[in-house]
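The values are calculated or read from the model by the stated rules, or taken from the named source; none is laboratory data. Computed from a predicted structure; not experimentally measured. Ideal geometry is used to build each Cβ from the backbone, glycine not excepted, and the neighbour counts take in all protein chains shown.
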Amino acid sequence: MNRTVYDLIGLAAGVAFILALKGLSHPKTARRGNLIGAFGAGLATLVVFFYSNEKSSLPLNNLGWILGAIAVGLVIGVPAARKVQMTQMPQLVALFNGVGGGAAALVAIVEYLNLGDQATTAVVVFTVFTVIVGCVSFSGSIITFMKLQELMTTRPVIFPAGRFIIAGTLIAVIGVGGWVVTALGTTPLLILAGLSLLFGILFVLPVGGADVPIVISLLNAFTGLTVAASGYVLDSTLLIIAGTLVGASGTILTRLMAEAMGRSLFGTLFGAFTAKPQDVAAVGEERPVRSGSPDDVAILLNYARRVVIVPGFGLAVAQAQHTVRELADLMISKGIDVAYGIHPVAGRMPGHMNVLLAEANVPYDQLQEMDEVNTTFGQTDVAIVIGANDVVNPAAQTTPGCPIYGMPILEVNHAANIIFLKRSMRPGFAGIENELLYDPKTMLLFGDAKASLTKVVSALKAL
Amino acid sequence: MEPMAIVSIFVLSVFVGFEVVSKVSSTLHTPLMSGANAIHGVILVGAIIVADHSETNLELGLSVAAIILATINMVGGFVVTDRMLEMFKGNKK
């Protein structure tokens, strides 16, 4: 296959990626969009095996190794993607992004080793960029994975003089980067990779739990840019197009997510340095709460005219989406007006709740977005908060200086009655106490969300 | 490649990238991120190219690692995105 045919097929793959992103932006075309993207990627991968030029002859060198490595990747990647539970999807995306960044960094390192003295300054500059950003994306994504998987604390990790250490590491990374460009050598490049990995860890550690999705999206955009840069190094138009597309759309997406959470990107990334922990109400303080039984909840619901269900991560953990739909259907059959109030970042990722409720075949028209549902809480008799906390915490509106201050919330505090289904009094992912739990119009129903909902459903049926 | 051609491709791709996702609803943020994530798995192409170039064991070892990681990124990414979107489809029945 000659270069023109190869490039044309690469262009077709690039167009497929554009159509994929376009399709993924609309609910009706999203699935097809993803398949088009997969087709483009598959096509681009296949074609490499049939292209020869002055540098490579067919069949490819090391073909056995290449095919074997792809097989290993398939054996690891496909089952992981197929078996993962909905609750763990965000961390899997983080992990996939991280390995992509790692792959880009490795590609740049190999090409650098291979070119040796023949590398032009421009190629070395792009190699340095790929290694730095790819390594940051790799180690940063591993940390976000560990935070989401709760292998480590979800709270911001702040250490003494942290900002100086981070700034120092960044300066060192840039300095060594400059050294690689001028001195050319394997050792400086490996030092650069090591320092970049360290910087990625330090960069993500201070980010608070609730902001992790934004960081994943940002690292995703970073990985895109590294792929584009390695495309320059390898003289591949396709990699430049694909990488730049992801970098650009990922940046926009990161901004949209940050907006949905009412944060500036800057605040998210550097907020941990300025947050004053003493502004947050002390956790663990003994204060009276009103807890109820499933029967109490059923009675409250039976005489309500309008009920809004607010799902959160607890719903996902308990896999209670089918039970909550059963409850909603039962209430609707009793003539109660039921809606789901969906906070854009409820759960661990934007849209997490929509995906979960869609699995239980909850009709679209019952899902109301935040702005829409917030105007109706004044006329709502009961708001049922299932495993959500931060997204209904009024501290976001009333307590300047608390980590979620400024984030738009679902204003369930305006409803006549509030029911919280909770496992315990533990605060939410952001680690902030919720005053609403102590409100006199709040009733708490402790226990696993699915078990509690099942009891409420049978109690309501009996009425 | 001509530097000017590369700059043109880069700039135009940036604008296309901005444009195609600028009006996405928050419902689709996660699948879109995941789909974009899978697309950059196309670095697999780069990994295969460097594996072909590899002359030393070190280079080959690193390229093999890159191919494994890139395959996980690409294939896993598309599969997981499809699983997310499958649930939207079931909804319309």
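Could you grab me the full set of residues in segment A:95-137 that are hydrophobic (A, V, I, L, M, F, W, C), under 19 Å from A:L202 (Cα atoms) and more than 9 Å from chain B (Cβ to nearest Cβ)?
Once the filter is applied, which keeps residues that are hydrophobic (A, V, I, L, M, F, W, C), under 19 Å from A:L202 (Cα atoms) and more than 9 Å from chain B (Cβ to nearest Cβ), segment A:95-137 yields A:F129, A:V131, A:I132, A:V133, A:C135, A:V136.
Among the residues that make up segment B:3-26, is at least one of them more than 7 Å from every other protein chain (Cβ to nearest Cβ) and among the charged types (D, E, K, R)? Checking segment B:3-26: at least one residue is more than 7 Å from every other protein chain (Cβ to nearest Cβ) and among the charged types (D, E, K, R).
For (1) crowded, with 22+ Cβ neighbours inside 10 Å; (2) more than 22 Å from B:I39 (Cα to Cα); (3) touching a residue at least 40 places away in the same chain (Cβ under 8 Å), each residue gets a yes or a no:
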| position | (1), (2), (3) |
| --- | --- |
| A:G102 | yes, no, no |
| A:L106 | yes, no, no |
| A:Y112 | yes, yes, yes |
| A:G116 | no, yes, no |
| A:A119 | no, yes, yes |
| A:T127 | yes, no, yes |
| A:I142 | no, no, yes |
| A:F145 | yes, no, yes |
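If the condition is being touching an Asp or Glu at 6+ places or on another chain (Cβ under 8 Å), more than 7 Å from chain B (Cβ to nearest Cβ) and either surrounded by fewer than 24 Cβ atoms within 10 Å (Cβ to Cβ) or part of a loop (DSSP other than H, G, I, E, B) (or both), then segment A:227-262 contributes only A:M261. Counting only residues that are among the hydrophobic types (A, V, I, L, M, F, W, C), in a helix (DSSP H, G or I) and either closer than 23 Å to B:L85 by Cα or more than 9 Å from every other protein chain (Cβ to nearest Cβ) (or both), segment A:36-66 holds 6 of them.
Kindly establish whether A:V107 is in the same structural domain as A:I191 (by TED's automatic domain parsing), of a type outside the set (D, E, K, R) and under 22 Å from A:S141 (Cα atoms). Answer is yes for this residue. A:V93 meets the conditions (1) within 15 Å of A:V233 (Cβ to Cβ); (2) under 16 Å from the mean Cα position of the chain (by Cα) in every case but one. The failed one is (1).
For (1) outside any helix (DSSP H, G or I); (2) more than 19 Å from A:S141 (Cα to Cα); (3) among the acidic types (D, E); (4) facing chain B (nearest Cβ under 8 Å), each residue gets a yes or a no:
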residue: A:A12; (1), (2), (3), (4): no, yes, no, no
residue: A:K22; (1), (2), (3), (4): no, yes, no, yes
residue: A:G73; (1), (2), (3), (4): no, no, no, yes
residue: A:R82; (1), (2), (3), (4): no, yes, no, yes
residue: A:V93; (1), (2), (3), (4): no, no, no, yes
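Taken over segment A:342-391, the residue count meeting the criterion of being without any contact (Cβ under 8 Å) to a residue 12 or more places away in the chain and of a type in the set (F, W, Y) is 1. For A:T169, the criteria (1) under 27 Å from the mean Cα position of the chain (by Cα); (2) surrounded by 23 or more Cβ atoms within 10 Å (Cβ to Cβ) hold in every case but one, which is (2). Counting only strands (runs of 3 or more DSSP E) wholly contained in segment A:302-420, the ones carrying 1 or more residues that are within 21 Å of A:M257 (Cβ to Cβ), within 14 Å of another protein chain (Cβ to nearest Cβ) and not hydroxyl-bearing (S, T, Y) occupy A:306-311, A:337-342, A:367-369.
When the residues of segment A:70-93 are narrowed to those that are small (G, A, S) and farther than 18 Å from B:H40 by Cα, which ends up modelled with the highest pLDDT?
A:A71
Residues of segment A:24-34 that are more than 7 Å from chain B (Cβ to nearest Cβ) and either under 21 Å from A:I70 (Cα atoms) or polar (S, T, N, Q) (or both): A:T29 alone. Among all residues of segment B:82-91, there is none that is in a helix (DSSP H, G or I), within 18 Å of A:V233 (Cα to Cα), within 7 Å of chain A (Cβ to nearest Cβ) and not small (G, A, S).
Looking across segment A:215-236 at every residue that is farther than 17 Å from A:A44 by Cβ and among the small types (G, A, S), the one that is nearest to the chain's Cα centre (by Cα) is identified as A:S217. When you check B:T71 against the structure, is it modelled with pLDDT of 95 or more and surrounded by 21 or more Cβ atoms within 10 Å (Cβ to Cβ), yes or no? The answer is yes for B:T71.
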